[in-house]
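Take a look at the structure below.
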Amino acid sequence: MTRPASTQHPSAHDDRDAANELAACLSPSAVVRSHEPLAKRTTLRVGGPADLYVEPASEEDLVQTLKFCGRRKLPWFVLGRGSNLLVKDAGFRGVVICLAQPCFSRIEVENQRLRCGAGAKLKVVAVEAKRNSLAGLEFLEGIPGSVGGALRMNAGAMGGAIFDIVESLRLMDFCGQTQERSVADLEVGYRRCPMLKTHIALGALLRGRPGSRDLITRSMEEFSRKRWQSQPAAPSAGCAFKNPPQIPAGKLIDELGLKGTRVGGAYVSAEHGNFIVNDGTATANDILQLMDTIRHRARTERGIELETEVEIIGE
Ligand code: EPU
């Protein structure tokens, strides 16, 4: 007996089988899909699909997902809000894990602190702090990411960075063991937290201080105004490069006369030199080529090595 001819690539069947096998290990409310487009899950809006995509509904689901990846030797990646992420055009050959379900995105207020799940949106955290008259978290308002993503790269804006207000973290290692860690035990720097290269952030306890709701509102409005004045609204992944010690990357790129430089549908923003924006037609490859051009010019003309801030995955 011969199998009926299929119009689909054989790997699509494999991915569907793998999705079914993974779904069978998880609770019924977990989401598991194969061949999931990722462009719509990133603020840059480029890139190909993930072979498998999963939203675990509990920590146990996350443990089971990691075990599944281990058994099948599949690479995996934890996706936040996709605001600092470039997915390459052919997509990701592995499992993209998104902590978007309620058990990972709760925000609870206790004793001037906010216990936030990794999947909580920073903007929502900032609004929740304001609602409870807790100051010190206003700068989170303009960062378009999740708590987990922000922790991973110690994201910041307006002079603040998330680890300035973190008291402790809830972590899972890649074998599924969880632990609470005080931030005092962690090495943290500008846009880096090495512990989160080997652990998944499940959540954090963020510290506020009692404040006036009016002043908090005003400070958030002021941050928002500054941001809209200096940063583009078009799709981007925020700053493309980390600031090198010598000069802010945006200023350097501006001085090199690179604003407006274009590769395909990707160009350097006229508003801020460190933003690469997508005119709606860009591919990941356009963006990568533009980054290479910028890095090359910074190296050859100013002797400065620019390090990408944007995380790059896929093939
Ligand atoms: N500048 C220029 N030309 C430009 C851009 C900037 O001359 O095209 C100058 C500005 O006038 C200013 C200096 O460079 O004197 C620094 O610029 P800005 O104040 O915009 O700050 P930044 O260092 O470029 C950082 C973060 C941003 C964050 C802003 C505001 C990094 C890589 N970037 O930008 O974070 O929003 O401060 O607080 O640390 C991100 O990380 O994705 C991001 C957008």
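The values are calculated or read from the model by the stated rules, or taken from the named source; none is laboratory data. Fair warning: this is a prediction, and the values are worked out from it, not measured in the lab. Here the Cβ is made from the backbone with ideal geometry for all residues, glycine too, and neighbour counts use every protein chain on show. The area values use the complete protein model at the heavy-atom level, side chains included, leaving out ligands, DNA and RNA. Shrake-Rupley method; radii C 1.70, N 1.55, O 1.52, S 1.80 Å.
A few comments on the model shown:
- Residue-averaged 222 nm ellipticity for the chain, from DSSP H runs of 4+ at -39500 (n - 2.57), nearest 500: -9500 deg cm²/dmol
- Lys, Arg +1 and Asp, Glu -1 on Cβ, resulting dipole of the chain about Cα centre, debye, nearest 20: 300
- Fraction of accessible area attributable to carbon and sulfur, region 122-200 (%, probe 1.4 Å): 53
- Cβ-defined net charge surrounding CYS25, 11 Å radius [Lys, Arg +1; Asp, Glu -1]: -1
- Phi-derived couplings, Karplus 6.51 cos²θ - 1.76 cosθ + 1.60 at θ = phi - 60°, listed residue by residue for region 205-212: 9, 9, 9, x, 9, x, x, 8 Hz, with x used for Gly and Pro.
- Taking N as the residue count of region 166-230, its C-alpha radius of gyration divided by 2.2 N^0.38 Å amounts to 1.53.
- Out-of-range pairs (alpha-carbon distance over 21 Å; input LYS40/LYS226; LYS67/LYS123; LYS40/LYS251; LYS226/LYS251): LYS40/LYS226; LYS67/LYS123; LYS40/LYS251
- For the chain, the solvent-accessible area with a 1.4 angstrom probe is 47 square angstrom per residue.
- Between region 285-300 and region 28-95, the alpha-carbon centres lie 28 Å apart.
- Share of carbon and sulfur in the accessible heavy-atom surface of region 9-68 [1.4 Å probe, %]: 53
- Projected-area average for the chain over all orientations - Cα convex hull basis, square nanometres: 18.4
- Close amide H partners of LEU44, meaning residues 5 or more places away or on another chain with modelled amide H under 5 Å apart, are LEU85.
- Paramagnetic reach from ALA90 in region 251-265 [backbone N under 19 Å; point 7 Å along Cα→Cβ]: none
- Efficiency of FRET between PHE174 and LYS40 - r from beta-carbon atoms, R0 30 angstrom, step 0.05: 0.65
- For peptides 221-227, 118-124, 60-66, 309-315, sequence by mean Cβ density within 10 Å, most packed first: 118-124, 60-66, 309-315, 221-227
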